[in-house]
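Input: a single structure, listed below in structure tokens.
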Amino acid sequence: MKSPATRAWCLAGAVCVAVLIVDQVVKAVIEAQVTLGEQIEVLGPLKLTLSHNSGIAFGLSGGGGVLLVAITLAALGVVLYLFSWDPTRPGMWAAAGLLAGGAIGNLADRVRRGSVTDFIELPHWPPFNLADMSITAGVLLLVWIYLREAERETSEPESG
């Protein structure tokens, strides 16, 4: 029988690998089927538009290859540190897996081609990809975990 911590690490790893595989496969399909700048209407305001982003998430900041790789690696280190501190904290495995999978997916693009493949376009929002969505979901989940924990701590009666 696996310990709760071992189980949490396995779950986080599985989420990370699943996000990474889906992200890279979808990006490869988009690269093969959509030409740069082409817009394909999907549903309502949602469009597929192939673009390459040399900045950070959601088209912010241009250039900086080595610096952005270093920032990504540092962020991965922070995620692993937070997770290793208490891997059995409820939901932490999902947040860590989403964050790591998304970060590694975009890092793989950046190392391989010098830019990240973006293809999801919504009005009034920069193009993004599945890895960006995973990172965003992981951050939101992490914030929710910590806010919920802080709320519980403040609502517990003091002993003594």
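The values are calculated or read from the model by the stated rules, or taken from the named source; none is laboratory data. None of these values were measured; they are calculated from a predicted model. Note that we place each Cβ from the backbone using ideal geometry, even for glycine, and neighbour counts take in every protein chain shown.
It is to be established whether one or more residues within region 94-117 are surrounded by fewer than 23 Cβ atoms within 10 Å (Cβ to Cβ) and over 17 Å from residue 68 (Cβ atoms). Yes: region 94-117 contains one or more residues that are surrounded by fewer than 23 Cβ atoms within 10 Å (Cβ to Cβ) and over 17 Å from residue 68 (Cβ atoms). Scanning region 1-40 for residues that are more than 25 Å from residue 125 (Cβ to Cβ) and outside any helix (DSSP H, G or I), we see that the one that is modelled with the highest pLDDT is 3. Could you say which residue among 97, 102 is among the small types (Gly, Ala, Ser), modelled with pLDDT of 90 or more and under 12 Å from residue 12 (Cα atoms)? Just one listed residue meets the conditions, 97.
Here is a yes/no grid of residues against (1) within 19 Å of residue 23 (Cβ to Cβ); (2) in contact with a helix residue (DSSP H, G or I) (Cβ under 7 Å, 6 or more places away or on another chain); (3) among the acidic types (Asp, Glu):
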position	(1), (2), (3)
45	no, no, no
53	yes, yes, no
70	no, no, no
102	yes, yes, no
108	yes, yes, no
117	yes, yes, no
120	yes, no, no
126	yes, yes, no
130	yes, yes, no
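Scanning region 41-93 for residues that are within 30 Å of residue 123 (Cβ to Cβ), surrounded by 13 or more Cβ atoms within 10 Å (Cβ to Cβ) and modelled with pLDDT of 85 or more yields a count of 8. Filtering region 105-160 down to residues that are outside any helix (DSSP H, G or I) and aromatic (Phe, Trp, Tyr), which residue is modelled with the lowest pLDDT? Residue satisfying both the conditions and the ranking: 125.
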